[in-house]
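Student: Take this structure, written in structure tokens, and hold onto it; I'll ask about it next.
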Amino acid sequence: MSNRFKSRYDDDINLFEGRWHLAQYAILMALLLAAPWLLGTYYLGELTAVLVWSLAGLGLMLISGHTGQVSLGHAAFMAIGAFTNLALMLRGWHFLPALLASAVTSGVIGAIISRPILRMSGIYLAIATLALSIIIEDVAIMAEPITGGVAGVFAPPIAMFGMEIDRYATPEAFYYLCLAVLVLVTLGYLNLLRSASGRSFLAVRDSEVSARALGVNVARAKTLSFSLSCAITGLAGALYAHLAQAVNYESFLVLISITLLLQIVIGGLGSVHGAFFGAIVVVLLPQLIAIASDYLDNTAGIQIAAYPGLDTALFALLILLMVIYEPRGLYGVWFKVRTWLQLFPLYRKGMFRRTRTYLKTERQR
Amino acid sequence: MSLLQVKDLSISFGGVKAVDGVSFTVEPGEVFTLVGPNGAGKSTIFNLISRLYEPGGGQILFDGQDITSLPAHKVAGLGIARTFQNIELFDHSSVLQNLLIGRHCRRNTRWFEELLFLPKVRRSEREHRLLVEEVIDFLDLAPYRDKLIAGLPYGVRKVVEIARALSSQPKLILLDEPASGLSVEETQNMAWWIEDMQKDLGLTVLMVEHDMSLVSRVSNRVLAVSEGRPLAMGSAADVQADPKVIEAYLGTEATS
Ligand SMILES: Nc1ncnc2c1ncn2[C@@H]1O[C@H](COP(=O)(O)OP(=O)(O)OP(=O)(O)O)[C@@H](O)[C@H]1O
Ligand SMILES: [Mg+2]
């Protein structure tokens, strides 16, 4: 049980609401650290993919989930991060500075284009960011010295701590590397959310007029959020390049941008958990379908594999169900289960009935 | 010196002169009320003062400083806070979060310090919280502190919006129809709070309100406007008795 009384303001300021909460995350962290011993090589690779997509999802969550600006172009920033990292490493940079450079390059490019783009909203913003995603494919082909043109570039092994880290040769080391980056970014993200900048993002999302009237420089808040979002996504792109071992223009198609957006919607817009839950679904759903299809094939002789595109269709169905029944995504489901457990046996039916909200008539912009 | 001076302020929307040469001054410590029929331009005057609208002409001085072309986000820092006629709260955040956003104009930390949550940031968060708690006490919002706005009754939201405005430690607070939609009892409470803001907090209040009993009770001076133009100024009783004002209200059959 975690019914505790708050006695200091720090109870609300701290990342963890007390010992039990901290213990839960400590256990999760211990499990993640033990994963190389618990999982086989294949599933460790899948878990690494979950970490990388969680990172990319966190990036998009910042601008779309927490600042309310939709982006259909984030694959472009994954691409910028990936190519920056590989191009620098191939020119002799060490991995860490090259990783930092990925974040900085994506962040700076994001900041530069955010001003004109984030003046738009709604459908126009969606189209403008979608255009980014399309443009980057051409850029990736044309900027041959950096991107290797149509053929793309291979990821060199990462030399670090006196060893060579490679996704296949040393999967554990690569896993820990991704975990470390993800944990650091998540901590920074949570820190922002519990201070003034994070609050200004939420303010911009929920009401731009009152944000402005309360002293939030809306254009600046959007730029900061977009830029940080791009930087995080750039980091994810760099790690993805090493996960995939090779990238070219086809690695970051528009479809990736769309999948990323769907990922955070399924996971739960506006929650950090959502980015993680969404990544688990995106990475593991194809696995689940493969396992289910094997099972059906062996037991009933039904060959699902004969229907290509089934995982995409299931993914779409999941989103549809989510939007209709649980707009807060998997995070919403998890939140309910958690509350049910905490209150057991005091849970009342209808506790989560959606509360009536009041229409905003005559909104000024 | 007057706290707020509005000189010959005008704005038009596609040929409609919503505000047309309005001048008035608000003295420190007074409750100054704008009244007028629907569509008179009262909310527009508020939006001009908080710089959400670009005036077509005229001048706004606050505390002796010309703010006519100041960016909107700099107004709060000078000490002007406001509420909106159609409540504009951050619906997906808690009451506490809303009030903390009210502290934004008093922030003293940069984003990269916040990213690392330096001790300085923690200190500043504690200070913000302390001030917000004072506002929560002042407006009796403690039972709602951790509740989401989306689930709160209308009357409470009105109070939360005032609390958010107070959290920025303003000198001047603009209240756009604080009592609209409130029950008799809630209106009574609102009157007390407005009096307390004036007496205990030493705030200057500029208010738009239709409820004349509330207006008479709390206002030091009242300005009646109609069709964007000033009609009459004086005590609540004087303005209500003014033939031009009576005519303006009858002409539009507005609520009183
Ligand atoms: N953004 C805008 N665009 C176009 N017209 C506007 C805008 N804002 C206000 N107006 C017009 O200006 C006039 C004054 O509106 P305003 O909202 O200031 O009236 P009000 O006195 O606050 O009325 P109420 O008592 O109904 O709130 C109205 O005719 C309104 O339609
Ligand atoms: Mg109005």
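The values are calculated or read from the model by the stated rules, or taken from the named source; none is laboratory data. Here the structure is a predicted model, which is why all the values come from computation and not from measurement. Counting neighbours? That spans all protein chains shown, and the Cβs are built from the backbone with ideal geometry, glycine included. The accessibility values were calculated without ligands, DNA or RNA, using every heavy atom of the protein model including side chains. Shrake-Rupley method; radii C 1.70, N 1.55, O 1.52, S 1.80 Å.
Student: Could you tell me which of the residues A:ALA75, A:ALA159 is open to solvent by less than 20 Å² (accessible area, probe 1.4 Å) and touching a helix residue (DSSP H, G or I) at 6+ places or on another chain (Cβ under 8 Å)? Let's see the steps before the verdict.
Tutor: Values: A:ALA159 fails: open to solvent by less than 20 Å² (accessible area, probe 1.4 Å).
After applying the criteria, what remains is A:ALA75.
Student: Give me the pairs, please: first residue somewhere in region B:44-70 and within 11 Å of ligand 1 (Cβ to nearest atom), second residue anywhere and open to solvent by 20 Å² or more (accessible area, probe 1.4 Å) and not hydroxyl-bearing (Ser, Thr, Tyr), beta-carbon distance under 6 Å, and either six or more positions apart or on two chains.
Tutor: Going by the 6 Å Cβ cut-off, the qualifying pairs are B:LEU48/B:PRO55.
Here's the yes/no breakdown for (1) within 16 Å of ligand 1 (Cβ to nearest atom); (2) of a type in the set (A, V, I, L, M); (3) more than 14 Å from chain A (Cβ to nearest Cβ); (4) in a strand (DSSP E or B):
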position: B:ILE11; (1), (2), (3), (4): yes, yes, no, yes
position: B:VAL19; (1), (2), (3), (4): yes, yes, yes, yes
position: B:VAL22; (1), (2), (3), (4): yes, yes, yes, yes
position: B:THR33; (1), (2), (3), (4): yes, no, yes, yes
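Student: May I ask you to verify whether A:GLU250 is of a type in the set (D, E, K, R), in a helix (DSSP H, G or I) and surrounded by fewer than 20 Cβ atoms within 10 Å (Cβ to Cβ)?
Tutor: On the way: of a type in the set (D, E, K, R): yes; in a helix (DSSP H, G or I): yes; surrounded by fewer than 20 Cβ atoms within 10 Å (Cβ to Cβ): yes.
Judged against the criteria, A:GLU250 is a match.
Student: To continue, here is another question. Name the one entry in A:LEU88, A:LEU72, A:LEU44, A:LEU58 that is assigned to a helix (DSSP H, G or I) and closer than 22 Å to A:TYR189 by Cα.
Tutor: Numbers: A:LEU88 fails: closer than 22 Å to A:TYR189 by Cα; A:LEU72 fails: assigned to a helix (DSSP H, G or I); A:LEU44 fails: closer than 22 Å to A:TYR189 by Cα.
Matching residue, one of A:LEU88, A:LEU72, A:LEU44, A:LEU58: A:LEU58.
Student: Determine, yes or no, whether B:THR25 is more than 13 Å from ligand 2 (Cβ to nearest atom) and assigned by TED's automatic domain parsing to the domain that holds B:ILE194.
Tutor: Values: more than 13 Å from ligand 2 (Cβ to nearest atom): yes; assigned by TED's automatic domain parsing to the domain that holds B:ILE194: yes.
Yes.
Student: Sort out which residues of region A:102-120 are of a type in the set (A, V, I, L, M), open to solvent by less than 50 Å² (accessible area, probe 1.4 Å) and at pLDDT 90 or above, and write them in order of number. Talk me through it step by step, then tell me what you get.
Tutor: Residues of region A:102-120 that are of a type in the set (A, V, I, L, M), as a first pass: A:103-104, A:108-109, A:111-113, A:117-118, A:120.
Now narrow it down to the ones that are open to solvent by less than 50 Å² (accessible area, probe 1.4 Å): A:103, A:111, A:113, A:117-118.
Residues satisfying the conditions are A:ALA103, A:ALA111, A:ILE113.
Student: Please specify each residue of region B:28-40 satisfying the condition of being within 13 Å of ligand 2 (Cβ to nearest atom) and either open to solvent by 20 Å² or more (accessible area, probe 1.4 Å) or more than 15 Å from B:GLU209 (Cβ to Cβ) (or both).
Tutor: B:ASN38, B:GLY39
Student: Here is a further query. Checking B:GLY39 against (1) at pLDDT 95 or above; (2) within 16 Å of ligand 1 (Cβ to nearest atom); (3) within 14 Å of another protein chain (Cβ to nearest Cβ), only one condition comes out false. Which one?
Tutor: It is condition (1) that B:GLY39 fails.
Student: Among the numbered conditions (1) open to solvent by 30 Å² or more (accessible area, probe 1.4 Å); (2) outside any helix (DSSP H, G or I), tell me where B:ARG122 comes up short.
Tutor: (2)
Student: Does region A:193-217 hold any residues that are within 7 Å of another protein chain (Cβ to nearest Cβ), open to solvent by 20 Å² or more (accessible area, probe 1.4 Å) and part of a loop (DSSP other than H, G, I, E, B), and which are they?
Tutor: Correct list: A:ASN217 only.
Student: Let me ask you something else. Please verify whether region A:175-192 includes one or more residues that are open to solvent by less than 60 Å² (accessible area, probe 1.4 Å), away from chain B (no Cβ under 14 Å), out of contact with any Cys (no Cβ under 6 Å at 6 or more places or on another chain) and closer than 23 Å to A:ILE113 by Cα. Reasoning before the result, please.
Tutor: Just the residues of region A:175-192 that are open to solvent by less than 60 Å² (accessible area, probe 1.4 Å), to begin with: A:175, A:177-183, A:185-186, A:188-192.
If we keep only those that are away from chain B (no Cβ under 14 Å) as well, we get A:175, A:177-183.
Now restrict to residues that are out of contact with any Cys (no Cβ under 6 Å at 6 or more places or on another chain): A:175, A:177-183.
Retained after the next criterion (residues that are closer than 23 Å to A:ILE113 by Cα): none.
Looking through region A:175-192, none of the residues is open to solvent by less than 60 Å² (accessible area, probe 1.4 Å), away from chain B (no Cβ under 14 Å), out of contact with any Cys (no Cβ under 6 Å at 6 or more places or on another chain) and closer than 23 Å to A:ILE113 by Cα.
Student: Considering only region B:177-208, state which residues are among the acidic types (Asp, Glu) and within 11 Å of the chain's Cα centre (by Cα).
Tutor: Just the residues of region B:177-208 that are among the acidic types (Asp, Glu), to begin with: B:177, B:185-186, B:195-196, B:200.
Passing the criteria: only B:GLU177.
Student: Residues A:LEU99, A:LEU60, A:LEU130: which one is within 29 Å of A:SER225 (Cα to Cα) and either over 22 Å from the mean Cα position of the chain (by Cα) or surrounded by fewer than 21 Cβ atoms within 10 Å (Cβ to Cβ) (or both)?
Tutor: Values: A:LEU99 fails: either over 22 Å from the mean Cα position of the chain (by Cα) or surrounded by fewer than 21 Cβ atoms within 10 Å (Cβ to Cβ) (or both); A:LEU60 fails: either over 22 Å from the mean Cα position of the chain (by Cα) or surrounded by fewer than 21 Cβ atoms within 10 Å (Cβ to Cβ) (or both).
Being within 29 Å of A:SER225 (Cα to Cα) and either over 22 Å from the mean Cα position of the chain (by Cα) or surrounded by fewer than 21 Cβ atoms within 10 Å (Cβ to Cβ) (or both) holds for just one of A:LEU99, A:LEU60, A:LEU130, which is A:LEU130.
Student: When only residues in region B:174-195 that are acidic (Asp, Glu) and away from ligand 1 (no atom under 16 Å from the Cβ) count, which is surrounded by the fewest Cβ atoms within 10 Å (Cβ to Cβ)? Reasoning before the result, please.
Tutor: At the first step, the residues of region B:174-195 found to be acidic (Asp, Glu) are B:176-177, B:185-186, B:195.
Subsequent filtering for residues that are away from ligand 1 (no atom under 16 Å from the Cβ) retains B:185-186, B:195.
Details: B:GLU185: 9, B:GLU186: 18, B:GLU195: 14.
It comes out as B:GLU185.
Student: I'd like to know if region A:43-54 contains one or more residues that are within 28 Å of B:ARG122 (Cα to Cα) and away from every other protein chain (no Cβ under 14 Å).
Tutor: Start the filter on region A:43-54 by keeping residues that are within 28 Å of B:ARG122 (Cα to Cα), which leaves A:54.
After this cut, where a residue has to be away from every other protein chain (no Cβ under 14 Å) as well, the list is A:54.
Within region A:43-54, one or more residues are within 28 Å of B:ARG122 (Cα to Cα) and away from every other protein chain (no Cβ under 14 Å).
Student: Within region B:196-241, how many residues are away from ligand 1 (no atom under 16 Å from the Cβ), open to solvent by less than 40 Å² (accessible area, probe 1.4 Å) and in contact with a helix residue (DSSP H, G or I) (Cβ under 7 Å, 6 or more places away or on another chain)?
Tutor: So the count comes out to 5.
Student: Which residues, taken from region B:115-138, are more than 10 Å from chain A (Cβ to nearest Cβ), under 19 Å from B:HIS104 (Cβ atoms) and touching a residue at least 12 places away in the same chain (Cβ under 8 Å)?
Tutor: Result: B:LEU131, B:VAL135, B:ILE136.
Student: (1) open to solvent by less than 50 Å² (accessible area, probe 1.4 Å); (2) in contact with a strand residue (DSSP E or B) (Cβ under 9 Å, 6 or more places away or on another chain); (3) more than 10 Å from every other protein chain (Cβ to nearest Cβ): which one isn't true of B:LYS171, the others all being true?
Tutor: Failing condition for B:LYS171: (1).
Student: A further question follows. So, B:PHE13, is that one away from ligand 2 (no atom under 13 Å from the Cβ), free of Cβ contacts under 8 Å to residues at least 40 places away in the same chain and not acidic (Asp, Glu) or not? Write out each step before concluding.
Tutor: Numbers: away from ligand 2 (no atom under 13 Å from the Cβ): yes; free of Cβ contacts under 8 Å to residues at least 40 places away in the same chain: yes; not acidic (Asp, Glu): yes.
Criteria met by B:PHE13.
Student: Separate question: Of the residues that make up region B:54-70, is at least one open to solvent by less than 40 Å² (accessible area, probe 1.4 Å) and touching a His at 6+ places or on another chain (Cβ under 9 Å)?
Tutor: Within region B:54-70 (the criterion being open to solvent by less than 40 Å² (accessible area, probe 1.4 Å) and touching a His at 6+ places or on another chain (Cβ under 9 Å)), the answer is no, since none of the residues qualifies.
Student: Go through (1) at pLDDT 95 or above; (2) facing another protein chain (nearest Cβ under 8 Å) one by one and return the number of the condition B:ILE80 breaks.
Tutor: (2) is the only condition that B:ILE80 fails.
Student: Moving on. Kindly indicate whether any position in region A:30-49 is modelled with pLDDT of 90 or more, of a type in the set (Val, Ile, Thr) and more than 30 Å from B:LEU96 (Cβ to Cβ).
Tutor: Scanning region A:30-49 turns up at least one residue that is modelled with pLDDT of 90 or more, of a type in the set (Val, Ile, Thr) and more than 30 Å from B:LEU96 (Cβ to Cβ).
Student: Consider B:PHE46 against the criteria (1) surrounded by 19 or more Cβ atoms within 10 Å (Cβ to Cβ); (2) more than 8 Å from chain A (Cβ to nearest Cβ); (3) more than 28 Å from B:LEU214 (Cβ to Cβ); (4) of a type outside the set (Val, Ile, Thr): it satisfies all of them except one. Which criterion is unmet?
Tutor: Result: B:PHE46 passes all but (3).
Student: Is there a residue in region A:19-27 that is surrounded by fewer than 12 Cβ atoms within 10 Å (Cβ to Cβ) and within 24 Å of A:ILE264 (Cα to Cα)?
Tutor: yes
Student: Let me ask you something else. Among the residues of region B:68-85, count how many are within 16 Å of ligand 2 (Cβ to nearest atom) and in contact with a Lys or Arg (Cβ under 6 Å, 6 or more places away or on another chain). Show your work before the answer.
Tutor: To start, the set of residues in region B:68-85 that are within 16 Å of ligand 2 (Cβ to nearest atom) comprises B:82-85.
Okay, now just the ones that are also in contact with a Lys or Arg (Cβ under 6 Å, 6 or more places away or on another chain), so none.
Looking only at that region, the number is 0.
Student: Taking region A:218-261, which residues are within 23 Å of A:VAL204 (Cβ to Cβ) and away from chain B (no Cβ under 14 Å)?
Tutor: A:CYS230, A:THR233, A:GLY234, A:SER257, A:LEU260, A:LEU261
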